[in-house]
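Trainee: One structure follows; several queries about it will come next.
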Amino acid sequence: MKNPKIVLLTILVIILAVLNVIAISTIWFRMPKSGPRHQPPFVMLEKGLQMTDEQRDDYKELRKAHRQMMEETRHKAAEIRRQLHHFANPQSDSIVRLLTDSLGRLHGNMERNTYEHFYKVRQMCTPEQQEKFDLIIPEILKRIGGPPAHGPGGRRGHRPPGNR
């Protein structure tokens, strides 16, 4: 006859394995497969604002122009980074400063372009849509890697020291 402790441990391991499979299955099958959190940001905006066909067409043109401008800026920044990190030919401090300042200006341009893009989108909205826009935009900016949705530190109510 087998040792009762081994039998008990075997039964416990089997029970734990079955419970584990049930728990994982429950989590897996209850996860949403689609919905607002799985939509591209532009779809979230179109649906969230309930854009008209005309607004969708205008928005599509705005996105196309914005995307092209951002792509050109990214290519410029990549070229400057290649120059900056070309270690085979060490750069002088003044060249490094010039290149890093150029990268900073390009990054600032990208932020300004993104702001202007969303400003134009908001301007094409009705007053009711603008209210919805103001509620939706923090999530969209978070998804595209924009500024924190709730101020410095990204937390609600967080203020830097000295501003309390």
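Trainee: Would you tally the residues in the range 27-45 being surrounded by 10 or more Cβ atoms within 10 Å (Cβ to Cβ) and either of a type in the set (Ser, Thr, Tyr) or modelled with pLDDT of 90 or more (or both)?
Mentor: Residues meeting the conditions: 0.
Trainee: Regarding ILE137, is this residue at pLDDT 85 or above and either under 21 Å from ARG67 (Cβ atoms) or among the hydrophobic types (A, V, I, L, M, F, W, C) (or both)?
Mentor: Yes: the conditions hold for ILE137.
Trainee: List, please: which pairs have Cβ atoms under 6 Å, are six or more places apart or on different chains, and start with a residue in the range 95-114 that is farther than 19 Å from GLU71 by Cβ and end with one that is among the hydrophobic types (A, V, I, L, M, F, W, C) and at pLDDT below 90?
Mentor: Close Cβ pairs satisfying both conditions: LEU99/LEU84.
Trainee: Take the residues in the range 87-123 that are aromatic (Phe, Trp, Tyr) and either in contact with a Leu (Cβ under 7 Å, 6 or more places away or on another chain) or exposed (fewer than 15 other Cβ atoms within 10 Å of the Cβ) (or both); name whichever of them is farthest from ILE137 (Cα to Cα).
Mentor: Top of the filtered list is PHE87.
Trainee: Among the candidates VAL43, VAL18, single out the residue that is more than 22 Å from the chain's Cα centre (by Cα) and part of a helix (DSSP H, G or I).
Mentor: VAL18
Trainee: Is it fair to say ARG63 is surrounded by 10 or more Cβ atoms within 10 Å (Cβ to Cβ), at pLDDT 90 or above and under 22 Å from the mean Cα position of the chain (by Cα)?
Mentor: yes
The values are calculated or read from the model by the stated rules, or taken from the named source; none is laboratory data. What you are looking at is a predicted structure, and each value in this text was computed from that prediction instead of being measured. Heads up, the Cβs are rebuilt from the backbone with ideal geometry, glycines too, and the neighbour counts pull from every protein chain shown.
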